[in-house]
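Student: After the structure tokens below, expect a handful of questions from me.
The values are calculated or read from the model by the stated rules, or taken from the named source; none is laboratory data. Computed from a predicted model, the values in this text were never measured in an experiment. Backbone-built Cβ (ideal geometry, glycine too); neighbour counts: all protein chains shown.
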Amino acid sequence: MAKRTGVAARLAEVLAIVLGTAEIPLRLKAWDGSEAGPAGAPVVEFRTRRALRRMLWSPGQLGLSRAYISGDIDAPGNVFASFGALSSAGKFAEPGPFRPLTVREFGTILKNAALLGALGPNPAPPPEEAKTVRAGRRHTRKRDAAAISHHYDVGNDFYALVLGPSLVYSCAVWQDENTGLEAAQDAKLGLVCRKLGLRPGMRVLDVGCGWGSFALHAAENYGVEVVGVTLSREQAALAAKRVADAGLTDRVAIRVQDYRDVDDGPFGAISSIGMSEHVGREQMAGYVAKLHGLLRPGGRLLNHAISWNAGPTAPDPNSFIPRYVFPDGEMLGLAEMVGALESGGLEVLDVEVLRRHYALTLRAWVQNLEDHWGQATQLAGEGRSRVWRLYMAASALGFESGITGVNQVLVQRPGGAEPPLRRTAWL
């Protein structure tokens, strides 16, 4: 590699080592105004020496994420272009834990940091990092409640800006790219109701009910009675208000409750939309057994969940999303999820892959955030808004690349009425 002397050129050398590439796929701008990297490439700004110090102490995705969240690094312009260039380069394109640097590579980074006056103690992580949430044994009721609170209790008004009027925080179903977010979310709710075979008077459990959108849709349009449970107190408060405003308190009950503590079955149908990612691989058999026990014979469960599509290499537990977005979250592969449901005595009726739909949904959420950026930072702070921008944009890129997917698996407890012969009942 040619000798580099300017600030931006030295930063480019460091970033190339971190990424594991010969040349960086970005145009770097340094705090002194210097620039390096291919002309016309997406731009990343290193605003402070502390950004380099964060990379020195955490030379991988975590260090760069901390620098972006704290504002030490910025990505002006098209965030998808900047994040996409990073995520598709070298080590960052490889799923799984970040490959450590060699002694020689770390020495080169250390030398450049010294020449740029960036040596010093490890900067404190941004306050948005989930530190105390990750203490103690995983997936106890207490720790799960803390993990859910970290993600969801950041302000209902903030989520309303990002998600739009539907307040649905899961993958929408798009007829085409021009469908529009609200119509796509309404289509998803209707699809779930049809797959579950909802009928007037049926009793339905909504596990991880969010802000009550599915419960409201099902009660209003299908005449069912719904019990919605969530561990987020902020979600529950707004969901209960929405139920009251709709005049549906006689048909919809919202509870702050762990699904493991629901004891008033049986239910004719159960929806679990974007919730099982919080359960954990070791607890999956118990999750399936619990929901199986809450279903009537012949009752259906719709499990809508993000999947890990990158094979046997597991996601890095110390990367950005586990640290800042979904503490203790675990994505199972589709085959593993189907196997867990079948092993729990449930019959698979249908599997629908919605990977491309989630990419479109996330891009719409990012656009909502960008359109209301000033208001979002007032509501949740700039750091939290940066977390959500990075998380949603990076997630969209993950779905587009195929590293992650999202699937609806429809299963039925044996007994009771037979399922329809063809899928036309819900399609």
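Student: Does Glu182 count as of a type in the set (Asp, Glu) and within 19 Å of Ile69 (Cβ to Cβ)?
Tutor: Numbers: of a type in the set (Asp, Glu): yes; within 19 Å of Ile69 (Cβ to Cβ): no.
No: the conditions fail for Glu182.
Student: Checking the condition under 27 Å from Glu282 (Cα atoms) and in contact with a Gly (Cβ under 8 Å, 6 or more places away or on another chain), which residue from Pro327, Pro315 passes?
Tutor: Of the residues listed, the single one that is under 27 Å from Glu282 (Cα atoms) and in contact with a Gly (Cβ under 8 Å, 6 or more places away or on another chain) is Pro315.
Student: Then there is this: What is the one condition in (1) in contact with a Gly (Cβ under 8 Å, 6 or more places away or on another chain); (2) over 23 Å from Arg199 (Cβ atoms) that Arg296 does not satisfy?
Tutor: The number of the failed condition is (2).
Student: Only one of Pro165, Pro76 is exposed (fewer than 13 other Cβ atoms within 10 Å of the Cβ), at pLDDT 80 or above and assigned by TED's automatic domain parsing to the domain that holds Ala240. Can you tell me which?
Tutor: Being exposed (fewer than 13 other Cβ atoms within 10 Å of the Cβ), at pLDDT 80 or above and assigned by TED's automatic domain parsing to the domain that holds Ala240 holds for just one of Pro165, Pro76, which is Pro165.
To keep it simple, each residue is scored yes or no on (1) without any contact (Cβ under 8 Å) to a residue 60 or more places away in the chain; (2) basic (Lys, Arg); (3) in the same structural domain as His151 (by TED's automatic domain parsing); (4) touching a Gly at 6+ places or on another chain (Cβ under 6 Å).
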| position | (1), (2), (3), (4) |
| --- | --- |
| Ala22 | yes, no, no, no |
| Ser34 | yes, no, no, yes |
| Ala41 | yes, no, no, no |
| Val44 | yes, no, no, no |
| Leu62 | no, no, no, no |
| Phe83 | no, no, no, no |
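Student: Next up: Take the residues of segment 267-289 that are in contact with a strand residue (DSSP E or B) (Cβ under 6 Å, 6 or more places away or on another chain) and either hydrophobic (A, V, I, L, M, F, W, C) or without any contact (Cβ under 8 Å) to a residue 40 or more places away in the chain (or both): which is farthest from Arg194 (Cα to Cα)?
Tutor: Among those residues, the one meeting the criterion is Met275.
Student: Taking the options Val226, Val256, name whichever one is crowded, with 19+ Cβ neighbours inside 10 Å and not polar (S, T, N, Q).
Tutor: Checking each option against the conditions leaves just Val226.
Student: Across segment 320-360, which residue is surrounded by the most Cβ atoms within 10 Å (Cβ to Cβ) among those that are modelled with pLDDT under 95 and β-branched (Val, Ile, Thr)?
Tutor: Ile321
Student: Follow-up. Restricting to segment 79-111, and then to whatever is among the aliphatic types (A, V, I, L, M) and under 23 Å from Leu369 (Cβ atoms), can you tell me which residue is surrounded by the most Cβ atoms within 10 Å (Cβ to Cβ)?
Tutor: Across segment 79-111, the extreme among qualifying residues is Leu86.
Student: Here's a check for you: in segment 238-266, which residue that is within 22 Å of the chain's Cα centre (by Cα) and free of Cβ contacts under 8 Å to residues at least 40 places away in the same chain is nearest to Val192 (Cα to Cα)? If you could, list the steps in order and put the result at the bottom.
Tutor: Within segment 238-266, the first condition is being within 22 Å of the chain's Cα centre (by Cα), and the residues that meet it are 238-239, 256-259.
If we keep only those that are free of Cβ contacts under 8 Å to residues at least 40 places away in the same chain as well, we get 239, 256-257.
Numbers: Ala239: 19, Val256: 23, Gln257: 22 Å.
Top of the filtered list is Ala239.
Student: Then there's this: Is it the case that Lys29 is of a type outside the set (Asp, Glu) and at pLDDT below 90?
Tutor: It is false that Lys29 is of a type outside the set (Asp, Glu) and at pLDDT below 90.
Student: Go through segment 24-72 and give me each residue that's among the β-branched types (Val, Ile, Thr) and under 23 Å from Val325 (Cα atoms).
Tutor: Val44, Ile69
Student: Got at least one residue in segment 400-409 being modelled with pLDDT under 95, touching a Phe, Trp or Tyr at 6+ places or on another chain (Cβ under 9 Å) and among the aliphatic types (A, V, I, L, M)?
Tutor: yes
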